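Enquirer: Take a look at the following structure, please.
The values are calculated or read from the model by the stated rules, or taken from the named source; none is laboratory data. All values derive from a computational prediction rather than experimental measurement. Note that each Cβ is placed from the backbone with ideal geometry, even for glycine, and that neighbours are counted across all protein chains shown.
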């Protein structure tokens, strides 16, 4: 069966080149089950390979046809080579975080074969402290961040004694929440939404020319070292915090958890760029993906993502005011998107991404002002501990996509009381990128201290933050009815 791609899905495919692999990935760290047999890893690999029938999108490959370059489509592959897609690797000694990071950086640099279904799973053993990892990469034209999260965690159990099927198994029933709409009806609904889209862009244009200061407009971002052309080699770094600490700051400041995440990234980037004399005088801006998919949605894949642009207030020295400025901008931007119908929001977001796609596809990053400076995503994950064949998942990190003009991507996700950050960058364009991850630790401390929060924790375990005194200033940004990626 042939399935044509949406405009956004096709854009991710057309953006791919040797320098811009367009797959996203997830790194999952597990501790071995107690009293695991010596052949546990071999049995795990076989469990992941022994799938007789695959579900979409894992069984979808590109259809080869004359019109595929203009109208790309998927076809079902009924003979997937599971030994090719599920690979067994081992880390060199001592199997520390450094060795794992180097391996993930290399694996993420390699493009997926377009002659096969666009995904790979790497089972990595030899991680110190009796741990192993899964690194699963899948093309962005097949999934967005929310869908990828749901596809990966459904293969995990909520207790150590339960074994579930591999995430690509057809034994999982699709949600059925999305019903295919007749083409003529879809076109009619899109035409009906055009005036709404035009009105939304008019409001954005007014902000760009200074007539209205409520929205941060694209194309007003300063030029920076983050906005250059990239090569195909990647570098990956991680950081994590207890969700309790993030929530404590959010409560003290009267903002959302997502605002605190953006402020941590902003503060870390400000220090990183300032140390190398590369901090622009004007504030950096961030594109923040917003899920347009319902809570029960997801289906077999595809992208249902909107986008907002917000200031990171990197030109503000005071950490308190920096956070409050970020919160005000994101609240306005999300309210703007939430004011539209679902159809209009989708069209608005597709048009919003056109300059980004053109810049990435034509490699003109060095010659034009960036549309925004950095992408920062926040994907909510499972709240309870999960298990794979008795092995407890200790952490999960998103691994994302740098492109021409956007050499750094920061994505985070929540899991079992922690917030895990994945920093993905072009190895050549942004040397020493791992310092951004290191500085994120100091960034959260700086914000906590600004709000008088006492951190009762050791270096090994992060405790909740407690307030010493009531903050003098609070911002209450409006809540909008969007699945915006905020961690609840």
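Enquirer: Any idea which of 409, 373, 435 is surrounded by fewer than 21 Cβ atoms within 10 Å (Cβ to Cβ), at pLDDT 85 or above and either in the same structural domain as residue 220 (by TED's automatic domain parsing) or within 18 Å of residue 234 (Cα to Cα) (or both)?
Expert: Values: 409 fails: surrounded by fewer than 21 Cβ atoms within 10 Å (Cβ to Cβ); 373 fails: surrounded by fewer than 21 Cβ atoms within 10 Å (Cβ to Cβ).
Unique residue meeting the criteria: 435.
Enquirer: Within the stretch 142-152, does at least one residue satisfy the condition of being surrounded by fewer than 24 Cβ atoms within 10 Å (Cβ to Cβ), in a loop (DSSP other than H, G, I, E, B) and in the same structural domain as residue 40 (by TED's automatic domain parsing)?
Expert: No, because not a single residue in the stretch 142-152 is surrounded by fewer than 24 Cβ atoms within 10 Å (Cβ to Cβ), in a loop (DSSP other than H, G, I, E, B) and in the same structural domain as residue 40 (by TED's automatic domain parsing).
Enquirer: Continuing with this model, one more query. Would you mind telling me which numbered condition in (1) modelled with pLDDT of 75 or more; (2) under 22 Å from the mean Cα position of the chain (by Cα); (3) buried (at least 22 other Cβ atoms within 10 Å of the Cβ) residue 384 fails?
Expert: (3)
Enquirer: A further question follows. Would you confirm whether any residue within the stretch 18-33 is more than 18 Å from residue 110 (Cα to Cα) and surrounded by fewer than 13 Cβ atoms within 10 Å (Cβ to Cβ)?
Expert: So in the stretch 18-33, the residues more than 18 Å from residue 110 (Cα to Cα) come out as 28-33.
Right, trim to surrounded by fewer than 13 Cβ atoms within 10 Å (Cβ to Cβ) and you get none.
The answer is no, given that none of the residues of the stretch 18-33 is more than 18 Å from residue 110 (Cα to Cα) and surrounded by fewer than 13 Cβ atoms within 10 Å (Cβ to Cβ).
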